[in-house]
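Single-structure report; data block below.
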Amino acid sequence: MDFYLCFFITNLLGLPLAIYAFFKWKHQYWKRKNVPTFEPSIPFGNLENPLARTIAMDERYTDMYVEAKKKVASRCLILFIVYAVLASCLRVKGSFQEAALIIFPSTPIKKHGRWNEKMAEMGQEEGWKHLELYMFTRPTYMVMDLDMVRNVMSRDFQYFEERGPYINEKGDPMSANVFFIGGHKWKNIRTKLTPAFTPVKLKNNFQMMVDYGKVLEKYFEEKAVQNRQPIEIKDTLDRYFMDLILCSEFSINCHSLDNPSAEFRTHGKQVFNGGKFKNLRFLFGFTYPNFCRALGMRLIPKHVNDFFVNTITEIVKYRQEKNVRGKDFIQLLIDLRNNKAVPKDWHREDGEILTMGELSAQCLAYFMAGYETSSSALTFTLFELARNPDIQKRVRKELETVLAAHNHEITYEVVLTDLKYAKQVIDEALRLYPVSSVLTRVCVKDYRVPESDLTIDKGTVILIPVKGIHKDGQYYEKPDEYDPERFSDVAKQARKPLCPPSVRRRA
Ligand code: HEM
């Protein structure tokens, strides 16, 4: 009896203590490397409790970026004051401001508030190029410096070729899509998908956009002009882009603009709204993928998965049996699956070029990548145009002038070459409201950070704080203001590129 009581008490006290010690030890990782970090808490590390969040998860990263930048600035401010006081005592008998100007001769200190920028520059020079964090217990490295962004995404890409999100190829085949996978699997699938994103293919899709645009115009006309009803713009654009993407993907007309409860729409929405535990599952999967795979955890709800898999299987079967072809995304994948003459390294170990599971996963990726991104980008653009009537007038004028010059016909070439201001307006909305506030990568082999003593160990999660950088006063003056002029050709040339073309290339 005593033995069992002892055993029970030891476990009762011992287990929590062991868990506490485990977290404490794990949370010493960056301290052991002697690099700056925000104090983590048990068990979430530097994350907010995903079940009791007060802000969106990726906004938290933006806040941390801003906080870290402020720390840089405040450290520099102290230095600045010390320098200025010393200079004023030793070198000039003038005011504080004069002394400061000796240290920063080119900086109009008070006039334009540019000393703030100078502080941040000094911070960069001092080596605050990164911020170290924890996702639960997993070491996470936030890049704070643009050169390092380029290293991770492009120059030294071979060290960071994993994306990070949880993949469970067997239990949740849809998770193994081009967005989530990394390494050689990503390269292999990405090469196969490239023909879907050529300019010719996009040009083919363009007429579809125009046709669906007419349906949208009619919808606005009936609802807002004739019936004077308010329109919930995000929901309407979600439906417009969903119809468009499904048409370009499967040649299906889903009619979700007319019928909000269309089956594709109800299931499609659930890919993103995974319920209360979605974030917890996502983070847990990100942090402890092997454990989650052993538990058979899935990110995409089973009934949503089954709906997409069954629909895609039906389409493939129908096309093959009836020998029907479409000019769409799925046709490209069907042709690929049937084409035995592809390069040898395109074959999988089992001899297949593309399994049905892989085909379905890429279809889901196309759907996810296409509709939410586009509808969010356009919603935020319209939001800013509503708040800035002068900018709205200028875009309208540009559209009217360009359309008048082209016989009121809108073509792919016109959009690409003549609607310059409209493009600036969208680019600026994407700066303020980027579709992905953070991009993630995982370090796949130990990487020595250039010009520093720090080595990023294999397995460390890398965060690129896209929104933090976009809203950083060091790169954009008055960063919270909506100003499409930032994306004029002249302004773009004058700026160090934040996101060089190679960022999206990944290899
Ligand atoms: C305003 C609209 C869009 C924005 C802002 C956007 C943004 C992005 C970003 C930032 C990435 C890179 C993610 C990363 O590297 O981790 C990405 C990847 C991707 N996007 Fe988009 N996207 C948009 C529209 C679309 C559309 C309409 C499609 C297709 C129908 C699409 C298909 C893809 C695909 C397949 C990838 C993965 C490419 C790869 O792994 O190399 N996107 N997108």
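Read the figures in this text as sums done on the coordinates, not as results from a lab. Nothing here was measured: the structure is a model prediction, and the numbers come from that model. Note that each Cβ is placed from the backbone with ideal geometry, even for glycine, and that neighbours are counted across all protein chains shown.
Calculate how large, on average over all directions, the projected area of the Cα convex hull of the stretch 162-258 is; give the answer in nm² to one decimal.
8.4 nm²
Would you mind ranking TYR166, TYR433 by Cβ crowding within 10 Å, fewest neighbours first?
TYR433, TYR166
Provide the net charge surrounding SER175, with neighbours chosen by a C-beta distance below 9 Å and charges set as Lys +1, Arg +1, Asp -1, Glu -1.
Net of charged neighbours comes to -1.
Would you list MET64, MET153 from fewest to most Cβ contacts within 10 Å?
Least to most surrounded, the residues fall as MET64, MET153.
Loop only per DSSP, at most 15 neighbouring Cβ atoms within 10 Å: give me the trypsin sites (Lys or Arg not before Pro) in the stretch 278-351, ordered by residue number.
Taking the stretch 278-351 and a limit of 15 other Cβ atoms within 10 Å, the loop trypsin sites (Lys or Arg not before Pro) found are ARG325, LYS327, LYS340, ARG348.
Could you give the nm distance between label points at THR191 and VAL66, where each point is 7 Å from its Cα heading toward the beta carbon?
4.4 nm
For the stretch 167-385, take every pair of Cα atoms, bin their distances at 10 Å starting from 0, and report each bin as a whole percent.
Reading the bins upward from 0: 7, 29, 34, 21, 7, 1, 0.
Could you pull out the pairs from LYS445/LYS492; LYS71/LYS187; LYS203/LYS269 whose alpha carbons sit more than 30 Å apart here?
Going by Cα-Cα distance, LYS445/LYS492; LYS71/LYS187 fall outside the 30 Å limit.
Please pull out the direction-averaged projected area of the stretch 11-77, using the convex hull of its alpha-carbon atoms, in nm² to one decimal place.
So the mean shadow area of the Cα hull is 6.2 nm².
With a ≥ b ≥ c the root eigenvalues of the C-alpha gyration tensor of the stretch 207-276, is it rounded (a/c under 1.5), prolate (a/b larger than b/c) or oblate?
oblate
Which trypsin sites (Lys or Arg not before Pro) in the stretch 215-266 sit in a loop by DSSP (not H, G, I, E or B) and have at most 10 other Cβ atoms within 10 Å of their own Cβ?
ARG228
Select from the stretch 128-202 those trypsin sites (Lys or Arg not before Pro) which occupy a DSSP coil region and have at most 14 other Cβ atoms within 10 Å, ordered by residue number.
Here the sparse-neighbourhood loop sites are LYS170.
Length gain on complete extension for the stretch SER41 to TRP346, per 0.36 nm per residue less the alpha carbon to alpha carbon distance?
Answer, rounded to one decimal: 105.3 nm.
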